[in-house]
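Peer 1: Next up is a structure, given as C-alpha cells.
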Amino acid sequence: MSRHQHSEALYEAALKVIPGGVNSPVRACRSVGMACPPFIQRASGSKIVDADGNTYIDYIGSWGPMILGHRHPEVVAAVSAALDRGMSFGAPTDLETRLAEMVIDAVPAVEMVRMVNSGTEATMSAVRLARGYTGRDDIVKFDGCYHGHADSLLVAAGSGVATLAIPGSPGVPEAFAAHTLSLPYNDADGFRKVMKAQGDRIAAVIVEPVAGNMGLVPPLPGFLETLREETSRHGSLLIIDEVMTGFRVAYGGAQSLFNIQPDLATFGKIIGGGLPVGAYGGRRKIMERMAPGGPVYQAGTLSGNPMAMAAGIATLTRLQAPGFYENLDRVSDRLARGLKSEADKAGIPVSVSRVGSMLGMFFTDGPVHNFSDAKTSDLERFTRYYQGMLNEGIYLAPSQFEALFVSAAHNEADIDATLAAAGRVMSTLAG
Ligand code: HOZ
C-alpha cells in the first residue's frame, strides 16, 4: 500500500478542478517525478504532517515565511487577537502603521513603505513606480532571478519557470518583454558594459541580493556594489528584491549584510508571518509619487490586512530577541557543512552554498555563480536525492532551483536526523 494513498486521492480530486492540481506550479512536484505531492494536514515547529500521517522535518517553511517555525505561539496569539477585532475592513488600521514603522526601523533605505498582498504585487508595483518616477520604460533583471509573475519580470526567470524549463511565457506580449533585459547574475563587467551603452534608458535594475530562485547563489564581492554605482551614475533606480532575504539573512535583510542602499526594496514572506503579504518601500521622495499623493497607481482590497499585519508584527518582534540570528546561523551552518560532508563521504560531487538560514546544494562539482552554472547540476540525481529524503521524512523543496530554509524551531536533533538521512540517501546515489 502506498504511504501517500490519501494524498493521491486528494490530488486526483484537485486535478479535476485546479490546473495541475495546485495553486503554484513547483509544489506539484512534477520535476522530481512524484506521482502526487504530499497534501499537508498540519504543521508545528519544524515538523509538517501530510494527509497520510507521515511526519517530515520541514525545510520549505512555506517557501520562507516560517522563520520561527510553524504555529509559533506568539504569532498564533497575535493573529487570534486581530481576528477578534475583525478579518478585513478595507480601511486603515493602527497595525499597518506599526508594521511599516518596524520595517523602516530595520531597513535604513526604507523611509516609507506600502503594504500589498504578495511578493509579485510588491515587485510589480516597485517596477511601475520606478518607471513612473524616471519616465523611462526599460528594466534590467538577472538570469535565474525570479521576482514573481508580473509580465515585465517573467523573462529568463528562475523558480517554477526554471524548474519546468519553460522558455518564455505565452501570455506575456513580446512588446512587454522587449522592455526587460536579462543579464548573467554576478557578471559585474557585463553589467557595466550594458549600462554604458544604454543606462540612460534604464528605469530600474532589479536584483535578488542573494539569488534564491535558481537554487541558492550568493553575490560575488563587488557585484551588488557595481549595481549601486552604475545605477546611480545613470539615474536608474536600484530595486533590491528582499521578498526572500528580508528579515531572513539578517534583521535588516541582505542590504544590511552587504551594506548596499537601494532606492527601492521589496518584501514579502517573513513580514507576513505566514499570512499573505508583500511590501515595497524606499526613499520618501520616490514613494511619495504613489497615489493618492502622486500619480502612480496601485491599490488592493486586502492590502494591509489586519491579521497579516498582526502576524508580521509578532514575527518581527520575536526576531529582535538577542542572539536570534546567531543561533539560526549556527544551526544552519552545521546543516550546510554536514550535507557537504555526507556527499563527500559518498563520493557525490555537490556544491553547497549558504547565506544565513538559506541553503542550496547543487549536484555539480563546480562553483555556482550564475544560472548557467546552476544548470550544470545533475537533475536526475537531484530527483533521486529528493525522493530518498522524502522517504526518510525530510521535506525539501522539490526542485534543484529552489532554496532550503532553516527555522528557529529546527534543533540539533532535527539536524542530526537530517544528516543521518542524507548519509543513507547519498550512499545510493553513485552511478
Ligand atoms: N515560487 C515560489 C518559490 N520560489 C513559491 C512556490 C510555491 O509556493 O509553490
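Peer 1: Suppose the filter is buried (at least 21 other Cβ atoms within 10 Å of the Cβ), closer than 22 Å to residue 262 by Cα, within 16 Å of the ligand (Cβ to nearest atom) and within 19 Å of the chain's Cα centre (by Cα); does residue 216 pass it?
Peer 2: Criteria met by residue 216.
Peer 1: Next question, about the same structure. When you go through (1) away from the ligand (no atom under 16 Å from the Cβ); (2) not in a helix (DSSP H, G or I) one by one for residue 185, which number turns out not to apply?
Peer 2: (1)
Peer 1: May I pose another question? Restricting to region 337-348, what's the tally of residues that are loosely packed, with under 14 Cβ neighbours inside 10 Å and not in a helix (DSSP H, G or I)?
Peer 2: Of the residues in that region, 1 qualify.
Let's see how each residue does on (1) under 25 Å from residue 188 (Cβ atoms); (2) in a loop (DSSP other than H, G, I, E, B); (3) of a type in the set (Gly, Ala, Ser); (4) out of contact with any helix residue (DSSP H, G or I) (no Cβ under 6 Å at 6 or more places or on another chain):
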{"residue": "103", "(1), (2), (3), (4)": "no, no, no, yes"}
{"residue": "113", "(1), (2), (3), (4)": "no, no, no, no"}
{"residue": "121", "(1), (2), (3), (4)": "no, no, no, yes"}
{"residue": "145", "(1), (2), (3), (4)": "yes, yes, no, yes"}
{"residue": "149", "(1), (2), (3), (4)": "no, yes, no, no"}
{"residue": "161", "(1), (2), (3), (4)": "yes, no, no, yes"}
{"residue": "166", "(1), (2), (3), (4)": "no, yes, no, yes"}
{"residue": "169", "(1), (2), (3), (4)": "no, yes, yes, yes"}
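Peer 1: Also, I was wondering about something else. May I ask you to verify whether residue 155 is at pLDDT 95 or above, under 23 Å from the mean Cα position of the chain (by Cα) and among the aliphatic types (A, V, I, L, M)?
Peer 2: So residue 155 does not fit the description; no.
Peer 1: For region 139-180, how many residues are surrounded by fewer than 19 Cβ atoms within 10 Å (Cβ to Cβ) and either out of contact with any Ser or Thr (no Cβ under 7 Å at 6 or more places or on another chain) or not small (Gly, Ala, Ser) (or both)?
Peer 2: 17
Peer 1: A further question on this structure: Can you tell me which residue within region 260-288, out of those that are among the β-branched types (Val, Ile, Thr) and over 30 Å from residue 80 (Cα atoms), is surrounded by the fewest Cβ atoms within 10 Å (Cβ to Cβ)?
Peer 2: 260
Peer 1: Right, next: Of all residues in region 86-101, which are touching a residue at least 60 places away in the same chain (Cβ under 8 Å) and in a loop (DSSP other than H, G, I, E, B)?
Peer 2: Scanning region 86-101 gives 86, 87, 88, 89, 90, 92, 93.
Peer 1: Sticking with this one: I need the full set of residues from region 392-431 which are free of Cβ contacts under 8 Å to residues at least 40 places away in the same chain and either under 16 Å from residue 343 (Cα atoms) or not aliphatic (A, V, I, L, M) (or both), in order please.
Peer 2: Across region 392-431, the qualifying residues are 392, 416, 420, 421, 424, 431.
Peer 1: Return the only residue of 106, 100, 122, 78 being crowded, with 19+ Cβ neighbours inside 10 Å and over 26 Å from residue 224 (Cβ atoms).
Peer 2: Only one candidate qualifies: 78.
Peer 1: Let me ask something additional. Filter region 264-284 for residues that are within 11 Å of residue 114 (Cβ to Cβ) and not hydroxyl-bearing (Ser, Thr, Tyr) and give the result.
Peer 2: 264, 267, 278, 279, 281, 282
Peer 1: Okay, next question. Considering every residue within region 84-93, establish whether at least one is closer than 29 Å to residue 218 by Cβ and modelled with pLDDT of 95 or more.
Peer 2: Scanning region 84-93, I find no residue that is closer than 29 Å to residue 218 by Cβ and modelled with pLDDT of 95 or more, so the answer is no.
Peer 1: Which condition number does residue 141 fail, the rest of (1) away from the ligand (no atom under 16 Å from the Cβ); (2) closer than 28 Å to residue 358 by Cα being met?
Peer 2: (1)
Peer 1: Follow-up. Tell me which residues, restricted to region 410-431, are charged (D, E, K, R) and exposed (fewer than 13 other Cβ atoms within 10 Å of the Cβ).
Peer 2: If the condition is that a residue be charged (D, E, K, R) and exposed (fewer than 13 other Cβ atoms within 10 Å of the Cβ), then 412, 416 are the ones that fit.
Peer 1: Can you confirm whether residue 245 is polar (S, T, N, Q), more than 16 Å from the ligand (Cβ to nearest atom) and either closer than 30 Å to residue 382 by Cα or in contact with a Ser or Thr (Cβ under 9 Å, 6 or more places away or on another chain) (or both)?
Peer 2: In short, no.
Peer 1: Just for helices (runs of 4 or more DSSP H) wholly inside region 351-431: which have at least 2 residues that are under 12 Å from residue 215 (Cα atoms), of a type in the set (A, V, I, L, M, F, W, C) and within 16 Å of the ligand (Cβ to nearest atom)?
Peer 2: In region 351-431, the matching helices (runs of 4 or more DSSP H) lie at 371-374.
Peer 1: Go through region 353-366 residue by residue and tally those that are at pLDDT 95 or above, more than 19 Å from residue 254 (Cβ to Cβ) and surrounded by fewer than 23 Cβ atoms within 10 Å (Cβ to Cβ).
Peer 2: Number of matching residues: 2.
Peer 1: List pairs: first in region 146-162 and closer than 18 Å to residue 178 by Cα and among the hydroxyl-bearing types (Ser, Thr, Tyr), second in a loop (DSSP other than H, G, I, E, B) and near the ligand (Cβ under 10 Å from one of its atoms), Cβ under 7 Å, 6+ apart or cross-chain?
Peer 2: Pairs found: 146/157; 146/158; 146/159; 146/213.
The values are calculated or read from the model by the stated rules, or taken from the named source; none is laboratory data. Quick caveat: nothing in here was measured; it's all calculated off a predicted structure. Using ideal geometry, Cβ is built from the backbone for each residue, glycine included, and neighbour counts are taken over all protein chains shown.
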